[in-house]
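Here is the structure we will look at.
The values are calculated or read from the model by the stated rules, or taken from the named source; none is laboratory data. Not measured: the values here are computed from a predicted model. Methodologically, a virtual Cβ is constructed for each residue, glycine included, from the backbone with ideal geometry; neighbour enumeration extends over all protein chains shown. Surface areas here come from the heavy atoms of the whole protein model, side chains and all, with no ligands, DNA or RNA. Shrake-Rupley method; radii C 1.70, N 1.55, O 1.52, S 1.80 Å.
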Amino acid sequence: MDKIIVTGPESSGKTTLCNNIASHFKLSHSKEYARKYLKKIGKEYIQEDLLKIAKGQLNLEKVNKILDTDLITIKIWSEYKFGNCDNWILDKIEEQKNEIRFYLLCKPDIPWESDPLRENPNDR
C-alpha cells in the first residue's frame, strides 16, 4: 500500500496538512499515535514508552494511507532525547524500505503554538 507521510518538527503544520490531503483525496489518515498515548499515561514519558508509541503508530500505518508522522520520527526523537533507539524500531524501519512511501517534510517556518505535549519551542 502506498503511503504519504507528513513529517517534520513540532508545530510545523503537519496535522493540518495531513487532514487537508486526506480530505482532498478522500483517503483515510492517522493522527500521531504519540499524542494519544502521552495523554493517556498522564506523566513524563521514558524511553521505554517510545517503543509502545512506535508499536501503536505501526498499527495505524497498517490501515491508513496518509500518516501524521512515522517510525523514522520516533527514531530521531529517541536518539535526540535519549541518545539511542530501540532495535525493534530500527528493524521495522528497515522493513519499510520495501514499501512505497512519499514523504512531505514540513519546515518550522510558522509560529510555534504552545501545547502541553510539545517540548521544543526554540529548537525545531
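Listed highest first by mean packing, meaning other Cβ atoms within 10 Å per residue, what order do 55-61, 88-94 come in?
Working: 55-61: 18.1, 88-94: 14.7.
Highest mean packing first, the order is 55-61, 88-94.
Only residues of segment 56-90 count here: report those whose backbone N is under 13 Å from the spot 7 Å along Cα→Cβ of Asn20, or say none. The answer is none, because no backbone nitrogen lies closer than 13 Å to the label point. Relative protection proxy for 7-15, 45-53, 96-104, from highest mean packing down: 7-15, 45-53, 96-104 (other beta-carbon atoms within 10 angstrom).
Entry note, the chain: relative contact order of 46 percent, from Cα contacts under 8 Å with a spacing of 6+ residues. Of all aspartates and glutamates in the structure, the ones whose alpha carbon falls short of 20 Å from that of Lys43, not counting any fewer than 8 places away in one chain, are Glu10, Glu32, Asp115, Glu119.
Quick one: with all protein chains in place, what share of the accessible area of the chain is carbon or sulfur, to the nearest percent (1.4 Å probe)? For the chain, the apolar C and S fraction of the accessible surface comes to 55 percent. Averaging the Cα positions of each part gives two centres, and for segment 1-67 and segment 100-119 these lie 12 Å apart.
For Cys106, nonlocal amide neighbours, meaning residues 5 or more places apart or on other chains whose placed amide H falls under 5 Å from its own, are Thr7, Gly8. Taking 7 Å steps out from each Cα toward its Cβ at Lys65 and Ile100 produces label points 1.1 nm apart.
Gain on full extension, evaluated as 0.36 nm per residue between Ile110 and Asp2 minus their Cα-Cα distance, stands at 36.0 nm.
Using only side-chain charges placed at the Cβ, +1 for Lys and Arg and -1 for Asp and Glu, the dipole size of the chain relative to its Cα centre rounds to 460 debye.
What shape does segment 1-123 have by the C-alpha gyration tensor, where a ≥ b ≥ c are the square roots of the eigenvalues, rounded means a/c under 1.5, and otherwise prolate means a/b greater than b/c and oblate the rest?
On the way: a/c = 1.55, a/b = 1.10, b/c = 1.41.
Oblate shape, in that a/c is at least 1.5 and b/c is the bigger or equal ratio.
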